[in-house]
Amino acid sequence: MKAKKSLGQNFLIDHNIISRIVSSVSPKNNELILEIGPGHGALTEILIKQAGLVVAVELDDELSEELKNKFSEKNLSVVHEDILDVSIEYLISDQLNLHPELNKKIRVVANLPYYISTAILTKLIKVRHIVQDMTLMLQREVAERIANPPGSKDYGILSVIAQLYAKTRILFLVKPGSFRPIPKVDSAILHLDVYKEPIAEVVDDEMLVKILQGAFSQRRKTILNNLKSSADLINPKLSSDEISKLLNSALIDPQRRAETLSCQEFAQLTKVFYEFLVGK
Ligand code: SAM
């Protein structure tokens with residue numbers, strides 16, 4: 001079978017890397033693993049030997065058929081779907097009804113298709129209440145952006161969202177030669193250990209995302225100027241003066257740049273904006 005570029009197919013062929021990924025996860029026999037994009041089953045094969053259940057979501061027709069024929073293990077469920085279309089919550093609750101002995105929180109393992117890695121991560125963060133942790137192969141740059149602290153060049157929307165809800169850590173880097181076909185980029189394994197409680201309370205997820213999109217719209221500008229020029233996105237009724245006052249009441253200097261703000265500061269800003277706008 002020829003790898004489909006359009007589906008981000010770069011299959012792992014390096015056994016050393018495959019076993020490092022699975023040993024970093026060390027699945028237990030009472031755990032449910034959600035594997036996204038199992039491909040030919042390089043990771044799946046080892047995961048099913050250790051985990052209670054592996055639910056593997058694969059979009060490719062041929063690959064999902066291949067997986068169903070290749071593995072007869074009862075603790076593997078191959079789901080032939082687009083991960084962006086399925087309701088992860090329904091999928092998992094159906095499986096947990098069938099397997100009540102399993103932990104209620106799932107563990108996610110994936111060598112992600114890079115063309116939709118951000119969309120998949122955002123979707124996983126939305127269902128964080130049912131996720132224990134995620135071990136994800138990503139493009140190195142994306143993994144670094146997510147894990148980097150405030151003040152670093154790459155800190156941005158995804159870093160804030162991920163770091164509010166999870167402890168993020170790059171476990172190791174993976175060279176292009178570990179895949180076939182060989183990708184043009186370096187890769188990294190990122191671990192996200194989801195917190196029981198976020199590090200700061202977010203009063204409204206949608207408002208947070210709008211503020212982040214506004215705040216990071218032009219990296220060289222101050223947060224005040226960025227929020228002013230994207231006021232319409234946040235709420236068309238917001239005036240420039242009000243934005244300045246709201247920043248001050250969140251104790252954020254309006255002349256700072258978005259990449260210097262901590263996750264807690266973004267959560268506080270969201271609260272101040274939300275409370276002000278609810279009253280409008
Ligand atoms: N896990 C395998 C490995 O490590 O060798 C394959 C990883 S490959 C980078 C990504 C896999 O995701 C492919 O098998 C591809 O068909 C699948 N995929 C791509 N888009 C998908 C989607 N929207 N939903 C589910 N699977 C998808």
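The values are calculated or read from the model by the stated rules, or taken from the named source; none is laboratory data. This one's a predicted model, so the numbers in the text were calculated from it and none came from an experiment. No Cβ is skipped: glycine too gets one built from the backbone with ideal geometry, and neighbour counts run over all protein chains shown. Quick note on the areas: whole protein, heavy atoms, side chains included, nothing else; ligands and nucleic acids left out. Shrake-Rupley method; radii C 1.70, N 1.55, O 1.52, S 1.80 Å.
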Using a Förster distance of 41 Å, the FRET efficiency for residue 154-residue 70 (Cβ separation, nearest 0.05): 0.60
Nearest-20 debye value, segment 88-227 charge dipole, Cβ charges on Lys, Arg, Asp, Glu: 560
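Given an 8 Å cut-off on Cα distances and at least 6 residues of separation, report the relative contact order of the chain as a percent. Present the calculation step by step, with values, prior to reporting the outcome.
Details: 475 pairs, mean separation 42.3, N = 280.
Reported as a whole number, the value is 15 percent.
Within segment 1-46, report the trypsin sites (Lys or Arg not before Pro) that DSSP leaves as loop and that have at most 13 other Cβ atoms within 10 Å.
On the way: sites: 2, 4, 5, 20, 28; in loops: 2, 4, 28.
Here the trypsin sites (Lys or Arg not before Pro) that fit, given the DSSP loop and packing criteria, are 2, 4, 28.
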Alpha-carbon Rg with Dmax, taken over the chain, Å: 20.7, 65
Calculated P(r) of segment 21-63 - Cα pairs past 13 Å, %: 50
At most 13 other Cβ within 10 Å, DSSP loop - trypsin sites (Lys or Arg not before Pro), segment 97-175: 104, 153
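For the chain, give the percent of accessible area contributed by carbon and sulfur heavy atoms, probe 1.4 Å, rounded to a whole number. Walk me through the numbers on the way to the answer.
Numbers: 6780 of 13570 Å².
With neighbouring chains kept in place, the figure for the chain is 50 percent.
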Computed E for residue 90/residue 251 - FRET, C-beta separation, R0 45 angstrom, nearest 0.05: 0.60
Dimensions in Å of segment 93-241 - Rg and Dmax from alpha carbons: 17.8, 56
Solvent-accessible area per residue, Å², over the chain with all protein chains present [probe radius 1.4 Å]: 48
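Quick one: compute the contact order of segment 1-146, relative version, from alpha carbon pairs under 8 angstrom and 6+ residues apart, as a percent. Present the calculation step by step, with values, prior to reporting the outcome.
Details: 211 pairs, mean separation 35.4, N = 146.
Averaging sequence separation for qualifying contacts and normalising by length gives 24 percent for segment 1-146.
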Residue 24 versus residue 127: modelled label distance in nm, points set 7 Å from Cα along the beta carbon direction: 2.3
Exposed GluC sites (Glu not before Pro) absent - longest run of the chain, DSSP non-H/G/I/E/B, at most 15 other C-beta within 10 Å: 102-200
Overall form of segment 175-280 per C-alpha gyration tensor (a/c, 1.5; a/b vs b/c): prolate
Kyte-Doolittle at least 0.0, axis length at least 20 Å by Cα - qualifying DSSP helices, the chain: 263-278
For segment 205-278: relative contact order, % (alpha-carbon pairs under 8 angstrom, 6 or more apart): 35
Distance between segment 30-97 and segment 193-232 - C-alpha centres, whole angstrom: 34
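Anything over 25 Å Cα to Cα? Flag those among 49/105; 70/126; 153/228; 167/271; 105/184, in the order listed. Provide the component values of the computation, followed by the final result.
Values: 49/105 19 Å; 70/126 33 Å; 153/228 23 Å; 167/271 22 Å; 105/184 35 Å.
As for pairs spanning more than 25 Å Cα to Cα, those are 70/126; 105/184.
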